[in-house]
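All of the numbers you see were taken from the coordinates with simple rules; none came from a lab. Computed from a prediction, not measured in an experiment: that's the story for all the values here. Note that we place each Cβ from the backbone using ideal geometry, even for glycine, and neighbour counts take in every protein chain shown.
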Amino acid sequence: MSETQIVNPEQNSPYESPWTAENRFLRVLWEFCWLLFCSWTPKPLNEWRLFWLRVFDAKIHGTPFVHQRARIAIPWNLILHDRACLGDRANAYSLGEIEIGPRATVAQEVYLSSASHDFNDSALPLTVAKITIGEGAFVGARAFVLPGVRIGAGAVVGACSVVTKDVPDNVIAAGNPCRVLRPR
């Protein structure tokens, strides 16, 4: 699993934001641009959506596919490789980095959460850890992937799974909590 990082070590209260004013402004601007320019577009206008992701510093390699109803919290923390797919209503809660490898598919309504809180600290500071979806992996509908998880190359994660730990390469895994069922 990835190393967890506290976003703002000076955050003394769960009621204060760990984000700078500039970061919050850019996030609001991003939400506005995605809603106005992208959320209504038909599937064939993928290049247009990728253009807006690039404007907001998403790292795009090749030609991935991002569904018009996908939700991306912070595009500058998103890395998409060639032919990666972020599906219908998939949620990339990218407070930390999320990387989706070449030919990997994140199916509809999957939730990739790269952030949580440090529950051992009474201030509950925000923590982030990178999520990595390996080359050719498939994450099934409505799966939930926790911060710091790596899903291996060629792995398949079953629908509605809760992925709390790394999934090795070339396996089929499912469940809550997700566990390896068999080799692929």
For Glu135, what is the net charge nearby, where nearby means another residue's Cβ is under 11 Å from its Cβ and Lys, Arg count +1, Asp, Glu -1? -1
Shape verdict for region 1-92, please, from the Cα gyration tensor: rounded (a/c under 1.5), prolate (a/b greater than b/c) or oblate. prolate
Diffing region 72-87: the Karplus 3J(HN,Hα) column from phi (6.51, -1.76, 1.60, θ = phi - 60°), in whole Hz with x for Gly and Pro, holds 10, 5, 9, x, 6, 9, 9, 10, 10, 9, 3, 6, 5, 10, 10, x
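When the helix-only estimate is applied to the chain (DSSP H runs of n ≥ 4, each -39,500 (n - 2.57), divided by the residue count), what is the mean residue ellipticity at 222 nm, nearest 500 deg cm²/dmol? Walk me through the numbers before you get to the answer.
On the way: 2 runs with 23 residues, N = 184.
Calculated from helices alone, the mean residue ellipticity at 222 nm is -4000 deg cm²/dmol.
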Which of the lysines could a cross-linker span from Lys59 if the Cα-Cα distance has to be under 22 Å and same-chain partners fewer than 8 positions apart are dropped? Lys43, Lys130
For the residue pair Ala123 and Trp76, what label-to-label distance in nm results when each label sits 7 Å from Cα along the Cα-to-beta-carbon direction? 2.3 nm
